[in-house]
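Asker: Before I ask anything, let me first share the structure, which is written out below as structure tokens.
The values are calculated or read from the model by the stated rules, or taken from the named source; none is laboratory data. What you are looking at is a predicted structure, and each value in this text was computed from that prediction instead of being measured. Here Cβ is always computed from backbone atoms with ideal geometry, including for glycine, and neighbour counts include all displayed protein chains. To get the accessible areas, we keep the full protein, side chains included, count just its heavy atoms, and leave off ligands, DNA and RNA. Shrake-Rupley method; radii C 1.70, N 1.55, O 1.52, S 1.80 Å.
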Amino acid sequence: DGLNFDLMSHQDIHIEVFCEAAGMVPQMQRVASPFGIAVRSSGGFDSTTTKQNLARFYAQTEKPVVVLHVGDLDPSGVHLAKSLSEDISAFLENLDGDFSLRRIAVTPDQTDEHDLPKGAVKEKDHRQYDLDFTVQAEALDPSVLADIVRHNIESLIDPDAHQRALEWQAEQRQKLSTAVGGLSL
């Protein structure tokens, strides 16, 4: 695709996608990248330092930050999202940042809507969890999950600003290509 610029810089909001499973990152990137949205695996956010550094980065954007979270519907996935939200929000309070995390998949409604296979809750897991079943994020058909992520992104961005960003990026590529003797960027 060539040289890319920060397409989110034209938006009044900063959006990222977190997915619990690192293996889902490439799938999420195919949906999020055309919007200039970063995708991260949230499985590695156990470290307080990592969350604090992420909060500092979000504060520097000087925009409201929305993280769209894709994870398993089980005690681990629910608590991972809750912990991320609470910890990053707490760090951002001291940095004057605006942050929210939206769990977009897997939800109980999606379980019924897409007739997803349910598993049992592990008896050894005593964390607060209000359901009597679990569902893996990978149970969602990849095209359905892509649609869910795309819909959530499109509901948050300004489409006119996105179009202007794409046009600006094309202009910058052309200027750079001309400057370096016609190389394809």
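Asker: Please arrange 63, 118 by accessible surface area, largest first, computed with a 1.4 Å probe and ligands excluded.
Answerer: Order by accessible area, largest first: 118, 63.
Asker: Quote the accessible area belonging to residue 56 in square angstrom, nearest 10, computed with a 1.4 Å probe and with ligands, DNA and RNA left uncounted.
Answerer: The accessible area of residue 56 comes to roughly 110 Å².
Asker: Dipole magnitude of the chain about its Cα centre, charges +1 at Lys/Arg Cβ and -1 at Asp/Glu Cβ only, in debye to the nearest 20?
Answerer: The calculated dipole for the chain is roughly 620 debye.
Asker: Say we join alpha carbon atoms closer than 10 Å with springs in a Gaussian network model of the chain; which of 89, 143, 41 then has the biggest fluctuation?
Answerer: Judging by the Gaussian network model, the answer is 143.
Asker: I would also like to ask the following. Please report the carbon-and-sulfur percent of the accessible area for segment 1-91; probe 1.4 Å, protein heavy atoms only, DNA, RNA and ligands left out.
Answerer: Here it works out to 49 percent.
Asker: Let me know the shape class of segment 1-124, please: from the alpha-carbon gyration tensor, a ≥ b ≥ c as square roots of the eigenvalues, rounded when a/c is under 1.5, otherwise prolate if a/b is greater than b/c, or oblate.
Answerer: Oblate shape, in that a/c is at least 1.5 and b/c is the bigger or equal ratio.
Asker: Could you give each residue of segment 94-100 its phi-based ³J(HN,Hα) in whole Hz, using Karplus coefficients 6.51, -1.76, 1.60 with θ = phi - 60°, and x for Gly or Pro?
Answerer: 3J(HN,Hα) across segment 94-100, in whole Hz: 6, 10, 6, x, 10, 9, 9.
Asker: Please state the shape class of segment 23-81: rounded when a/c is under 1.5, otherwise prolate if a/b exceeds b/c and oblate if not, all from the C-alpha gyration tensor.
Answerer: Since a/c reaches 1.5 but b/c is at least a/b, the shape of segment 23-81 is classed as oblate.
Asker: Using θ = phi - 60° and the Karplus form 6.51 cos²θ - 1.76 cosθ + 1.60, what ³J(HN,Hα) does each residue of segment 51-67 get, whole Hz, x for Gly and Pro?
Answerer: 5, 5, 5, 5, 4, 4, 4, 5, 4, 5, 5, 6, 9, x, 10, 10, 9
Asker: Another question, if that's okay. According to a simple spin-label model (label point 7 Å from Cα along Cα-to-Cβ), what is the distance in nm between residue 121 and residue 41?
Answerer: 2.8
Asker: Given the Cα-Cα distance of residue 113 and residue 164 and 0.36 nm per residue of separation, how much length would full extension add, in nm?
Answerer: 14.8 nm
Asker: Still on this model: Using just the helices of the chain, give the 222 nm mean residue ellipticity in deg cm²/dmol: DSSP H runs with n ≥ 4 each add -39,500 (n - 2.57), and the total is spread over all residues, rounded to 500.
Answerer: Helix-only estimate at 222 nm: -14500 deg cm²/dmol.
Asker: Once phi is turned into ³J(HN,Hα) by the Karplus curve 6.51 cos²θ - 1.76 cosθ + 1.60 with θ = phi - 60°, what whole-Hz value does each residue of segment 113-119 show in order, with x for glycine and proline?
Answerer: 4, 10, 6, 6, x, 9, x
Asker: Want the number for residue 176 to residue 30: 0.36 nm per residue separation, take away the alpha-carbon distance, what's left?
Answerer: 50.0 nm
Asker: Something else about it: Can you grab the distance from the C-alpha centre of segment 79-102 to the C-alpha centre of segment 111-144, Å, no decimals?
Answerer: Answer, in whole Å: 24.
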